[in-house]
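Reading through the structure tokens given below for one structure.
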Amino acid sequence: MKHLIDPMDLTKEETDEIISLAEDIIAHRERYQGSMSHRKLATLFYEPSTRTRLSFTSAMMELGGSVLGFSDAKNSSVSKGETVQDTVRVVGCFAEVIAMRHYIEGAQLYASEVSPVPIINAGDGSHSHPTQTLTDLLTIKRELGRIDGITIGFCGDLRFGRTVHSLIKALSRYRNVEVILIAPDALKLPDYIKHDVCDKCGVKYREVETMEEVMPELDVLYMTRVQKERFLDEDEFDRVKDSFVLDARRMALAKKNMAVLHPLPRVNEILTEVDSDPRAAYFRQVENGKFVREALILKLHEWKNDPAHPMPEHDRPVFDSSVRCTNSKCICNNEHAPYKFHYTDGGQLRCWYCDSKVR
Ligand code: CP
């Protein structure tokens, strides 16, 4: 069964097919109305959301389908101790597809191992956010007319920013994409993205410490919020929370057709004076999220039992009782998921569910 847990669960062709379908939905909305009538989407959100949950809801309604679920797991039997695996087994009796957000990394992958219906990862902790990635790719294509050959600067919280991790993975399959990482030491991109994604796929990247030094080169500036909720140490958050602020003065250094993206919500990293700049694409990006999620729902429904659209072949998991995942926010340290690992191309052992290093 086709799930979307990680951006790489889609082939490059499938990704482009979803983006093209979203463009067709934008051009011919009436053609798709009713195409999911009498079908149901469940939204299971264990962590707060505005855009992702409501855009999934709006997308399913546009397609003529219905939506059920919870926006706060405390109001469900999760509060009685029900596991994610049991929850999706149950909800799979009521809905044809499930979009799940969870603060625990790897929760959706673990859920997908038993789910009777496709699972869409709507964000797992600091790990992945593949439907934001589809939104971002569609936005880049609509703003610039292309994805190949862009230079993109990622600015802010690259350590905890799951949208950054997923988008870099997806961009690694496009031609001649250059990545510039703009972050203080404490918020740098995790090694597994730099080595297992960029180095492996030949994505050129470099790390810098100021926006000003790279602004004139960028086709896309991808701003991110410093994610207070992911820090274990509040003093550490206070030291980095105001690292980067985009304002009109810095925008003046950029190309005339650069696009500013942000997955939102923002706090203080983009001043409102930038909103009226035609290059500020972040609210158009929100609307693209609805169209791309319509396209995703339609395609996952079409591909559900199609042998031409399998889940990718992963290496066999390694079971080794002498090692442990070091991530306290991983599903294997929270719901008794088995300790499973995989070897990277560089020979490193990493957690099967969250990609963290092991000890
Ligand atoms: N971009 C995004 O995931 O926003 P929400 O947290 O509001 O869903």
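What the table below lists for this structure:
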{"read-out": "Estimated distance in nm for a label pair at residue 228 and residue 304, the labels positioned 7 Å out from Cα along Cα-to-Cβ", "value": "4.2 nm"}
{"read-out": "Residue 199 versus residue 20: modelled label distance in nm, points set 7 Å from Cα along the beta carbon direction", "value": "3.6 nm"}
{"read-out": "Under-5 Å amide H pairs with residue 177, H placed in peptide plane, nonlocal only", "value": "149"}
{"read-out": "Pairwise FRET efficiency - residue 283 versus residue 245, Cβ, R0 = 22 Å, nearest 0.05", "value": "0.75"}
{"read-out": "Fraction of accessible area attributable to carbon and sulfur, segment 78-210 (%, probe 1.4 Å)", "value": "46 percent"}
{"read-out": "For residue 222, distant residues with modelled amide H under 5 Å away", "value": "153, 154, 155, 261"}
{"read-out": "1.4 Å probe accessible area per residue over the chain, in Å²", "value": "43 Å²"}
{"read-out": "Table column - 3J(HN,Hα) (Hz), segment 287-304, Karplus curve with 6.51, -1.76, 1.60, x for Gly and Pro", "value": "5, 4, x, 5, 5, 6, 6, 4, 4, 5, 4, 5, 5, 5, 5, 5, 8, 3"}
{"read-out": "List 320, 238, ordered by accessible area with a 1.4 Å probe, largest first", "value": "238, 320"}
{"read-out": "Segment 274-359 - percent relative contact order, Cα under 8 Å, separation 6 or more", "value": "21 percent"}
{"read-out": "Lysines whose Cα lies under 23 Å from that of residue 141, excluding same-chain neighbours fewer than 8 positions away", "value": "12, 169, 204, 255, 256, 290, 299"}
{"read-out": "Packing-based ranking, highest mean first, of 88-95, 4-11 given that Cβ atoms within 10 Å are counted", "value": "4-11, 88-95"}
{"read-out": "Per-residue HN-Hα couplings for segment 345-356 [Karplus 6.51, -1.76, 1.60; θ = phi - 60°; Hz; x = Gly/Pro]", "value": "4, x, x, 7, 8, 10, 4, 4, 8, 10, 6, 6"}
{"read-out": "Peptides 207-218, 49-60 ordered by average Cβ neighbours within 10 Å, highest first", "value": "49-60, 207-218"}
{"read-out": "Length-normalised contact order of the chain in % [C-alpha pairs under 8 Å, at least 6 apart]", "value": "18 percent"}
{"read-out": "Residue-count net charge about residue 356 - beta-carbon cut-off 11 Å; Lys, Arg +1, Asp, Glu -1", "value": "+2"}
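The values are calculated or read from the model by the stated rules, or taken from the named source; none is laboratory data. Only a predicted model underlies this, so the values are computations on that prediction, with no experimental measurement involved. FYI the Cβ positions are ideal-geometry reconstructions off the backbone, even for glycines, and counts take in every protein chain you see. For the accessible areas, the whole protein counts, side chains as well, though only heavy atoms, and no ligand, DNA or RNA atoms are used. Shrake-Rupley method; radii C 1.70, N 1.55, O 1.52, S 1.80 Å.
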